[in-house]
Amino acid sequence: EKPVPAGHGKMAMEQFDEIIWRGGPLPDAYYDEFGIVVKLPDEAKTLWFPVTQTCEKGSHEWVEIPQGAQQWRDLKSPAPFVKVTPAASAADHSGHKH
């Protein structure tokens, strides 16, 4: 509906369905964080982010999403996910125990 930050001072003017990070190899002894900013839905749900991890010696797809009663822990290569829960009301942040 409106431009959103896309990183490095750029604004995104459209919806994305794929993000690719590039920049050369990252040795095993090091790690990096790859952040994204997204607008989450209002309803409670689980959002899955299938990922292809590419390395110098090949790639691995972390793309499995549980079906039915299956749990993500039962999968060989589960996709990363975020569980969206309803926002807490203002009363929940008042410091009072309920």
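The values are calculated or read from the model by the stated rules, or taken from the named source; none is laboratory data. Remember, it's a predicted structure, so these values are computed and weren't measured experimentally. Here Cβ is always computed from backbone atoms with ideal geometry, including for glycine, and neighbour counts include all displayed protein chains. For accessibility, only protein heavy atoms count, side chains too; no ligands or nucleic acids. Shrake-Rupley method; radii C 1.70, N 1.55, O 1.52, S 1.80 Å.
Within region 31-88, work out how many residues are of a type in the set (Gly, Ala, Ser), over 16 Å from Ile19 (Cα atoms) and assigned to a loop (DSSP other than H, G, I, E, B).
Number of matching residues: 6.
Do the conditions hold for Trp62, that is, is it of a type in the set (Phe, Trp, Tyr) and at pLDDT 90 or above?
Yes, satisfied.
Of the numbered conditions (1) at pLDDT below 80; (2) open to solvent by 70 Å² or more (accessible area, probe 1.4 Å); (3) not aromatic (Phe, Trp, Tyr), Gln53 fails exactly one; give the number of that condition.
(1)
Taking the stated definitions as given, is Pro41 modelled with pLDDT under 85 and open to solvent by less than 80 Å² (accessible area, probe 1.4 Å)?
Yes, satisfied.
Report yes if some residue within region 72-81 is touching a residue at least 24 places away in the same chain (Cβ under 8 Å) and out of contact with any helix residue (DSSP H, G or I) (no Cβ under 9 Å at 6 or more places or on another chain); otherwise report no.
Yes: one or more hits.
I'd like to verify a number: residues in region 69-93 that are at pLDDT 95 or above and either out of contact with any strand residue (DSSP E or B) (no Cβ under 9 Å at 6 or more places or on another chain) or open to solvent by 100 Å² or more (accessible area, probe 1.4 Å) (or both), how many?
The number of residues fulfilling the criteria is 1.
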